[in-house]
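**Q** One structure, as structure tokens, below. Some questions next.
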Ligand code: ADP
Ligand code: MG
């Protein structure tokens with residue numbers, strides 16, 4: 001059930017190098033935690049912020065009862081967010097119950113409680129501490145693609161998780177994307193509190209201001225602006241042919257463990273109870289969702305394929321934009337057809353919004369001339385894959401990117417694909 005509707009599913013940088021901003025820290029919004037803050041009657045002590053999403057901030061915390069580090073997800077406090085968190089707890093409880101050995105590559109819920117703060121009552125989820133997201137891995141590698149053997153290893157991990165969710169539990173994740181798959185270990189060992197021998201903070205000290213930094217709010221804002229400006233400049237540089245990126249030192253991915261787990265069940269739903277309506281973050285959204293034709297487990301498979309492509313190339317597969325006289329949805333459908341061929345008429349006409357986008361021949365009404373650029377050719381010409389590599393990856397992805405949801409292979413079927421093994 002996508003509780004909060006489309007507007008709340010963010011795209012791009014959530015939880016990554018940009019800050020969550022200050023606006024979210026208000027009544028009904030985020031809780032401003034500081035290192036040393038205690039939760040659940042003092043049991044969990046906040047250490048540092050790990051990430052954020054549109055629903056929550058997530059902190060590294062120390063569990064003083066069991067003497068271990070955990071992740072503490074502190075939800076925004078407004079009613080809808082609280083409800084989404086309770087729903088997430090329901091799903092994560094089922095997930096943990098069905099996987100007592102914690103081997104299905106889905107994050108484990110350890111505890112949950114409510115925390116009262118100046119901005120309201122925040123539902124908090126305690127989960128196992130995990131490492132960096134796949135988005136960070138892609139960026140760490142300077143968006144170059146991480147190599148096919150690594151892609152395959154990550155795909156296997158994610159598919160084990162998806163197969164468990166879909167087949168054993170009947171859960172559709174509905175927001176699969178690189179931010180929502182976390183490596184089990186951190187990329188940088190010094191960021192791992194256990195491997196780095198980090199001594200837990202147990203008291204709040206005077207210098208522990210908001211977010212754990214020792215700088216003031218206004219300094220923080222200035223720093224944030226400066227960082228955004230730098231990000232913009234480097235984006236521009238990339239569009240100038242990636243010269244600057246070329247000049248930077250290669251980073252090795254050797255030695256980084258690629259075991260990963262699926263997180264963020266804030267939008268997940270039971271397969272039997274899904275509501276119509278928009279799900280998924282834009283770039284990972286399945287065609288049936290765009291045209292309003294309902295969705296099932298196979299919508300997660302679509303997002304999975306988009307993610308696998310992104311791991312392999314460092315770039316999103318579909319990045320739709322609003323164009324002159326057409327909407328983002330139409331551009332998205334056009335991009336899909338340019339890569340995957342024409343959508344079957346039967347499918348194109350099957351949604352509640354079909355008539356907005358397609359004419360009676362099953363052609364897009366407002367985008368007439370499509371430039372067909374199939375997956376394999378894209379991989380060779382744009383991303384410099386060798387022919388056999390491009391063919392292997394394209395042959396793996398194409399069936400998962402079938403416009404007809406029922407034709408897509410299940411996670412279990414993908415796991416049997418020889419390309420992965
Ligand atoms: P939201 O529902 O607000 O999107 P998520 O569950 O996706 O929240 O968490 C937001 C971010 O916090 C993630 O993208 C990740 O960077 C970080 N995070 C979440 N869970 C963990 C965890 N168990 N260990 C480490 N970091 C985490
Ligand atoms: Mg998230």
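**Q** Given (1) part of a loop (DSSP other than H, G, I, E, B); (2) more than 16 Å from ligand 2 (Cβ to nearest atom), identify the lone condition not met by residue 156.
**A** (1) is the only condition that residue 156 fails.
**Q** Just to check your reading of the model, which residue among 414, 323 is modelled with pLDDT under 95 and touching a helix residue (DSSP H, G or I) at 6+ places or on another chain (Cβ under 7 Å)?
**A** Working: 414 fails: modelled with pLDDT under 95.
After ruling out the rest, the residue left standing is 323.
**Q** Only one of these is modelled with pLDDT of 50 or more and assigned by TED's automatic domain parsing to the domain that holds residue 278: 205, 174. Name it. Give the steps one after another, and end with the answer.
**A** Working: 205 fails: assigned by TED's automatic domain parsing to the domain that holds residue 278.
Unique residue meeting the criteria: 174.
**Q** Just checking, how many residues over the range 159-188 are more than 15 Å from ligand 1 (Cβ to nearest atom) and within 26 Å of residue 139 (Cβ to Cβ)?
**A** So the answer is 3.
**Q** Take residue 182 and decide whether it is under 24 Å from residue 412 (Cα atoms), under 14 Å from the mean Cα position of the chain (by Cα) and assigned to a loop (DSSP other than H, G, I, E, B).
**A** Details: under 24 Å from residue 412 (Cα atoms): yes; under 14 Å from the mean Cα position of the chain (by Cα): yes; assigned to a loop (DSSP other than H, G, I, E, B): no.
When the stated conditions are applied, residue 182 does not pass them.
The rows are residues; the columns are (1) at positive phi; (2) without any contact (Cβ under 8 Å) to a residue 24 or more places away in the chain.
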site	(1), (2)
90	no, yes
119	no, no
129	no, no
134	no, no
170	yes, no
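**Q** Run down 137, 130, 162 and say which single residue is under 25 Å from residue 299 (Cβ atoms), modelled with pLDDT of 95 or more and assigned to a loop (DSSP other than H, G, I, E, B). Can you show your working first?
**A** Values: 137 fails: assigned to a loop (DSSP other than H, G, I, E, B); 162 fails: assigned to a loop (DSSP other than H, G, I, E, B).
Exactly one of 137, 130, 162 is under 25 Å from residue 299 (Cβ atoms), modelled with pLDDT of 95 or more and assigned to a loop (DSSP other than H, G, I, E, B), namely 130.
**Q** Considering each residue of the range 47-58, count those that are buried (at least 23 other Cβ atoms within 10 Å of the Cβ) and more than 9 Å from ligand 1 (Cβ to nearest atom), and give that number.
**A** 1
The values are calculated or read from the model by the stated rules, or taken from the named source; none is laboratory data. As the structure is a prediction and not an experimental result, all values here were calculated from the model. Quick reminder, even Gly has a Cβ in these numbers, built from the backbone with ideal geometry, and neighbours come from all protein chains shown.
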